[in-house]
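See structure below.
The values are calculated or read from the model by the stated rules, or taken from the named source; none is laboratory data. Keep in mind that what you see is a predicted model, and the values were worked out from it rather than measured. Every residue, glycine as well, gets a Cβ built from its backbone with ideal geometry; the counts of neighbours run over all protein chains shown. We work out accessible area using only protein heavy atoms, side chains counted, and drop any ligands, DNA or RNA first. Shrake-Rupley method; radii C 1.70, N 1.55, O 1.52, S 1.80 Å.
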Amino acid sequence: QVQLVESGGGLVQAGGSLRLSCAASGNIFNINSMGWYRQAPGKQRELVAVITSGGSTSYADSVKGRFTISRDNAKNTVYLQTNSLKPEDTAVYYCNAVGRYGDYYRSFAVWGQGTLVTVSS
């Protein structure tokens, strides 16, 4: 099985920054894409940013120019640098990974447990 462990959330004032990390572990063959999603209270989970194994990235319009996603393929880790944070960025941030694992290269799509980001005004 494949597991994701996130870290880096916390409380920050508006205008501040946080760096989120998500490390994948297990008998991983490859990870095609890794991404960050978030879910604010009373709202649906939404895509924040995604990065492919080749380094292509995509961002939600609401975070373009403020957030940067990156990954270290050797460490199976994805990062989300969040700058110029706003109160509306407050949410639980979830990591997601899609790829193949095990001796038979079975596909997987897994979620992390989430890390809370709170931005105070």
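What does the charge count around residue 79 come to, taking other residues whose C-beta lies under 13 Å from its C-beta (Lys +1, Arg +1, Asp -1, Glu -1)? Taking every Cβ under 13 Å from that of residue 79, the sum is +1. Here the accessible area of the chain is 46 percent carbon and sulfur, with a 1.4 angstrom probe and all protein chains present. In straight-distance terms, cross-link reach from residue 43 covers every one of the lysines whose alpha-carbon lies under 19 Å from its own, apart from those fewer than eight places away in the same chain; here that gives 86.
In the context of the full set of protein chains, the chain has a per residue accessible area of 54 Å² (1.4 Å probe). For residue 64, the aspartates and glutamates whose Cα comes closer than 13 Å to its Cα, not counting residues fewer than 8 places off in the same chain, are 89.
For the stretch 56-121, the relative contact order comes to 27 percent (Cα pairs under 8 Å, sequence separation of at least 6). Summarised as an ellipsoid, the chain has semi-axes of 26, 14, 12 Å, derived from the eigenvalues of the Cα gyration tensor scaled by 5 and square-rooted, with the largest first.
In square angstrom, rounded to the nearest 10, how much accessible surface does residue 64 have for a 1.4 Å probe? So the heavy atoms of residue 64 present about 120 Å² to solvent. Here the Karplus relation 6.51 cos²θ - 1.76 cosθ + 1.60, evaluated at θ = phi - 60°, turns the backbone of the stretch 105-121 into coupling constants of 6, 6, 7, 9, 8, 10, 10, x, 7, x, 9, 7, 10, 10, 10, 8, 8 Hz, with x for every Gly and Pro. Per-residue extension of 0.36 nm, minus the Cα-Cα distance of residue 72 and residue 17, leaves a gain of 17.8 nm for this segment.
Mean separation of Cα pairs under 8 Å and 6 or more residues apart, divided by the residue count, gives the chain a relative contact order of 37 percent.
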